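See structure below.
FYI, it's all coordinate maths here, none of it is from the lab. Computed from a prediction, not measured in an experiment: that's the story for all the values here. Don't worry about glycine lacking a Cβ; one is built from the backbone with ideal geometry, like all the others, and counts go over all protein chains shown.
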Amino acid sequence: MAVVELTKDTFAETVEGEGITLVDFWAEWCGPCRSFAPVYQKAAGKHEDIVFGKVDTEAEQELAMAFDIRSIPTLMIVRDGVTLYQHPGALPESALEDLIAQARALDMDEVRKALAERAAEAEAQSADSTAADAESAAV
């Protein structure tokens with residue numbers, strides 16, 4: 001599959017669907033980005049069932065800011081609308097293939113369950129903190 005240029009107008013519809021989407025945040029002037037490009041392109045050719053997208057951080061600064069991209073290249077992996085991985089740095093081919101294999105192997109029901117549990121824990125901690133703050137203010 002060809003690598004798809006993603007913009008703020010196409011990003012959500014591309015990554016929120018079912019399946020695996022890889023996103024490479026890059027810029028033309030970035031040497032490591034240029035080094036990673038052939039590795040990324042080769043992987044796109046090998047994995048026809050995966051969407052490989054690229055976000056030009058110069059042209060799409062709003063998207064780069066939304067995902068707190070501070071270093072490029074940064075690779076993001078999304079599966080079934082859930083971000084599984086986001087990390088800066090150019091990867092060698094073997095590491096990229098390993099990440100793809102890991103993303104394929106995940107049980108997304110288990111991932112969603114773990115995310116829901118974390119969200120519930122965070123909400124409970126927030127409620128406890130709010131109650132403690134209210135008690136402190138009352139004293």
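Report the residue count in segment 48-64 for those that are surrounded by fewer than 18 Cβ atoms within 10 Å (Cβ to Cβ) and either within 13 Å of the chain's Cα centre (by Cα) or closer than 23 Å to residue 98 by Cα (or both).
Going through segment 48-64 one residue at a time, the tally reaches 2.
Conditions: (1) touching a residue at least 60 places away in the same chain (Cβ under 8 Å); (2) farther than 18 Å from residue 87 by Cα. Residue 15 meets all but one. Number of the miss?
Result: residue 15 fails condition (2) only.
What are the residues in segment 97-121 that are in contact (Cβ under 8 Å) with a residue 24 or more places away in the chain and either loosely packed, with under 13 Cβ neighbours inside 10 Å or touching a strand residue (DSSP E or B) at 6+ places or on another chain (Cβ under 8 Å) (or both), if any?
Matches in segment 97-121: 99, 100, 103, 104, 106, 108, 111, 112, 115.
Would you pick out the residues in segment 1-34 that are surrounded by 12 or more Cβ atoms within 10 Å (Cβ to Cβ) and over 14 Å from the mean Cα position of the chain (by Cα)?
If the condition is that a residue be surrounded by 12 or more Cβ atoms within 10 Å (Cβ to Cβ) and over 14 Å from the mean Cα position of the chain (by Cα), then 1, 3, 4, 5, 7, 8, 10, 27, 30, 32, 33, 34 are the ones that fit.
If you check 11, 36, which single one turns out to be over 11 Å from residue 90 (Cα atoms) and among the aromatic types (Phe, Trp, Tyr)?
Among 11, 36, only 11 is over 11 Å from residue 90 (Cα atoms) and among the aromatic types (Phe, Trp, Tyr).
Every residue in segment 57-74 that is closer than 9 Å to residue 25 by Cβ and of a type in the set (Asp, Glu), please.
Selection gives 60 alone.
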